[in-house]
1. Based on DSSP, what percent of beta bridges with both residues in the stretch 133-302 are antiparallel, to the nearest 5?
2. Where does the charge balance sit around Leu233 when Lys and Arg score +1, Asp and Glu -1, over other residues with C-beta under 12 Å from its C-beta?
3. When Met289, Met77 are ordered from fewest to most other Cβ atoms inside 10 Å of their Cβ, what list results?
4. For a footprinting-style exposure proxy, rank Arg170, Arg132 by other Cβ within 10 Å, fewest first.
5. Over the stretch 133-302, calculate the relative contact order: mean separation of alpha carbon pairs under 8 Å at least 6 apart, over the residue count, as a percent.
6. Taking the chain as a Gaussian network, Cα atoms linked when under 10 Å apart, which of Lys119, Lys95, Lys248 shows the biggest mean-square fluctuation?
7. What FRET efficiency would be calculated for the residue pair Gln106, Lys250, taking the C-beta separation as r and a Förster radius of 45 Å, to the nearest 0.05?
8. Arranged by the count of other C-beta atoms within 10 angstrom, fewest first, what order do Lys51, Lys301, Lys22 take?
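No lab work stands behind these numbers, since they all come straight from the coordinates. Values in this document were obtained by computation on a predicted structure and should not be read as measured data. Here the Cβ positions follow ideal geometry from the backbone for every residue, glycine too, while neighbour counts run over all protein chains shown.
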Amino acid sequence: MAVSTACKLDLFDHLQEYKTAKQLATEHSWNENALLLLLNSLHHIGFLDKKEDLFKINDLSELLTEKNPESLKYACMLWSAEHLTAWQNLEFSIKTGKSSFEKLYQKPFFDYLNQYPEKLDTYHKAMYEYARDDYKNLPDIIDFSQYQSIMDVGGGYGALLQGIKTKNPRIECILFDLPQVVQNVTISNIKKIGGSFFEKIPIQADAIVLSRVLHDWNDEKAKLILKNCCEALYSKGVLYVIENCSDKIKIDLSLLSLNMLAICESYERTAQQYVELCESTGFQLDNEMPLNELQTILIFKKI
Ligand SMILES: C[S@@+](CC[C@H](N)C(=O)[O-])C[C@H]1O[C@@H](n2cnc3c(N)ncnc32)[C@H](O)[C@@H]1O
């Protein structure tokens, strides 16, 4: 919580050079004594360098600054907010099989997020931080140049499409996500469509990517998303499902799966479970390959 508080205050961004608590407190009208307690705590746990009464970021907290290309600042803020509260009420999920988040906040996760522009932005910046690394090799692994159009359904702030568009400038890239999300996307050379994947998707494409989307939903909702994607594909269209498949990787996904239960009433599936979902909604498995040490690409043909 000390680290995420520092992120919320942009403290690491402000400490690129040595400063005293007094200097920093004066610059931002913060309480100097309280700030000193936080700075000393951050030094104690290895997140700040200290020289006499001066503090500065180190190699670790550099990774929590806004401008660092590998920054995880927003992920840190995300995990220490409502996710933490949902985990504090995990016993409800274990007893009922339902989302403790939904019980606490009286709304499904994405409906809740959409009410608060700042929380929504933090969530999507966190997803972007992960996506930036996770998808960087995707355009080299898959030859997307075979398509005229690709749609990323539930594509967030567009990190995945950005990589595809950079390597294949000729392809029409379409980002489909909730209207509140799409309106914040700053990438300019892609088409942005706002809507819900639980309704008919108002545009078609040669290929659809569904990345880290199905794991947010139970089987019934995941099938509805897949049916709508199937309709949004031209005939002979191709679907790329990118997910953490628990049977394909060495990393144990038990805790992540528990997180999906607490937040979204879902779970991390095996590749076979994704194949069953897709094959019951108009697709046939064509190929599969690893994307990175966590995620697998499952490739389906529309039948
Ligand atoms: C876990 S994020 C994945 C984002 C991105 N694909 C990635 O891999 O980083 C799930 C995405 O689904 C979107 N989403 C949630 N409900 C939606 C809905 N009803 N219609 C369209 N998109 C939705 C969210 O806004 C979010 O961008």
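1. DSSP beta bridges in the stretch 133-302 are roughly 40 percent antiparallel.
2. Net of charged neighbours comes to +2.
3. Ranking Met289, Met77 by Cβ neighbours within 10 Å, fewest first, gives Met289, Met77.
4. Arg170, Arg132
5. 20 percent
6. The residue that fluctuates most here is Lys95.
7. Details: r = 39 Å, r/R0 = 0.86.
Once rounded, the FRET efficiency stands at 0.70.
8. Arranged by neighbour count, lowest to highest, Lys51, Lys301, Lys22 become Lys51, Lys22, Lys301.
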